[in-house]
Amino acid sequence: MPHYYIWTIGCQMNKAESERLASHLEHLGYLPAEPAESADLVLLNSCVVRQRAENRVINKLYALRAFKKAHPGAVIALTGCLVDADVTTLRKKFPYVDYFFKAGDSPQWLAPAQVLPQRPSPATFVPIMQGCNNFCSYCIVPYRRGRERSRPLQEVVCEVKELVRRGVKEVTLLGQNVDSYGHDLPEKPELADLLYELNAIEGLARLRFLTNHPKDMSSRLIDAIASLDKVCEQITLPVQSGDNEILKAMRRGYTAERYRALVQEIRHRVPELAITTDV
Ligand code: SF4
């Protein structure tokens with residue numbers, strides 16, 4: 001039986017994608033490698049949002065040169081935000097890496113498929129969209145993960161039902177800008193519509209979603225949080241800065257006043273809600 005090893009760094013989206021890739025590999029007959037050096041397939045899921053993360057990925061890639069020399073038959077693949085549409089530079093720099101594929105893509109060199117985690121943890125992540133249209137001035141995500149692409153509402157509902165059947169109790173819906181879910185779909189459902197549908201699934205205990213964008217968070221979504229019993233009273237709402245000039249330079253699309261008003265509206269509707277933020 002071939003063995004695989006997946007190394008992941010970065011956001012929850014990367015973690016969710018690695019979990020799905022692992023299930024896909026197990027579906028194809030691979031087993032988890034223990035220790036990592038015994039793997040026939042090594043997959044790195046990378047992040048370049050911060051320099052420190054990028055340095056760790058680069059170090060890991062250089063370390064794999066010796067591994068490939070000692071195990072020439074092993075396959076090394078790289079995915080995540082280090083992989084751009086043009087991989088010429090990466091190929092030159094890391095010639096011993098066999099495959100590069102973009103974050104969220106199905107690896108075509110394996111049988112492509114969407115495979116749900118076989119043994120999901122009771123609290124699991126479900127990506128509901130890929131990409132971002134915002135182009136905040138400091139962020140690489142839209143360049144690496146592309147424009148927003150939402151998954152059809154019913155597809156997500158069926159997937160969550162199946163995950164609940166496999167033992168999941170809590171689902172966190174993921175999107176780089178989860179509040180703009182659905183605008184690219186023909187029927188233009190909103191995140192609130194998806195929450196109403198998911199809340200009705202028997203056996204599911206809790207729902208969460210991230211990451212919110214103060215520019216796109218709607219009153220309908222706040223109503224859904226207030227009225228749905230399974231939606232946790234906790235959200236992540238990145239402020240990024242309290243200074244309007246900085247917010248403008250960051251191209252965030254809101255002001256400090258708009259952020260405060262939004263928090264006030266949320267507090268008014270859901271007084272118990274815990275708000276976490278990024279600065
Ligand atoms: Fe990056 Fe988030 Fe801004 Fe999109 S909204 S560009 S993911 S920081």
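The values are calculated or read from the model by the stated rules, or taken from the named source; none is laboratory data. Since this is a predicted model, take the numbers as computed values, not measurements. As a convention, Cβ positions derive from the backbone with ideal geometry for all residues, glycine included, and neighbour counts pool all protein chains shown. Remember, those area values only see protein heavy atoms, side chains included, never the ligands or the DNA or RNA. Shrake-Rupley method; radii C 1.70, N 1.55, O 1.52, S 1.80 Å.
Quick look at the numbers
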read-out: Alpha carbon centroid spacing (whole Å) that separates the range 234-270 from the range 156-180; value: 26 Å
read-out: Low-density loop positions, GluC sites (Glu not before Pro), the range 150-227 - DSSP coil, at most 13 other Cβ in 10 Å; value: Glu187, Glu202
read-out: In order through the range 89-101: 3J(HN,Hα) via Karplus (6.51 cos²θ - 1.76 cosθ + 1.60), integer Hz, x for Gly, Pro; value: 5, 4, 4, 5, 6, 10, x, 8, 7, 7, 9, 10, 9
read-out: Loop trypsin sites (Lys or Arg not before Pro), the range 1-89, which have at most 15 other Cβ atoms in a 10 Å radius of their Cβ (DSSP); value: Arg50
read-out: All Cα pairs of the chain, percent lying beyond 34 Å; value: 25 percent
read-out: Computed magnitude of the charge dipole of the range 93-184 (debye, nearest 20; Cβ of K, R +1, Cβ of D, E -1); value: 180 debye
read-out: Vicinal HN-Hα couplings computed from phi for the range 142-148 (Karplus, 6.51 cos²θ - 1.76 cosθ + 1.60; Hz; Gly/Pro x); value: x, 6, 9, 9, x, 6, 5
read-out: ³J(HN,Hα), Karplus 6.51/-1.76/1.60, whole Hz, each residue of the range 74-88, x for Gly, Pro; value: 6, 9, 10, 10, 10, 9, x, 6, 6, 8, 9, 5, 9, 9, 4
read-out: Folded to 0 to 90 degrees: helix 153-165 orientation relative to the chain principal axis, Cα; value: 70 degrees
read-out: With all protein chains modelled, accessible area of Ser38 [1.4 Å, Å²]; value: 50 Å²
read-out: Angle in degrees between helix 256-269 and the longest Cα principal axis of the chain, rounded to the nearest 10; value: 70 degrees
read-out: Heavy-atom accessible area order for Val239, Val126, largest first, 1.4 Å probe; value: Val239, Val126
read-out: Under-5 Å amide H pairs with Ala123, H placed in peptide plane, nonlocal only; value: Lys169, Glu170
read-out: Cut-off under 5 Å, modelled amide H: who pairs with Gly104 long-range; value: Gly80
read-out: Pairs beyond 28 Å (Cα-Cα), from Lys93/Lys248; Lys15/Lys230; Lys60/Lys161; Lys161/Lys215; value: Lys93/Lys248; Lys60/Lys161; Lys161/Lys215
read-out: Estimated dipole of the chain in Debye, rounded to 20 [Cβ of Lys and Arg +1, of Asp and Glu -1, Cα centre]; value: 880 debye
read-out: Accessible area of Lys188 in the full protein assembly, 1.4 Å probe (Å², nearest 10); value: 120 Å²
read-out: Given the chain, longest segment not containing exposed loop chymotrypsin sites (Phe, Trp or Tyr not before Pro) (DSSP; at most 16 other Cβ within 10 Å); value: 139-279
read-out: Partners for Lys188 among aspartates and glutamates (Cα-Cα distance below 19 Å; same-chain residues under 8 apart left out); value: Glu148, Glu155, Asp179, Glu197, Asp216, Asp223
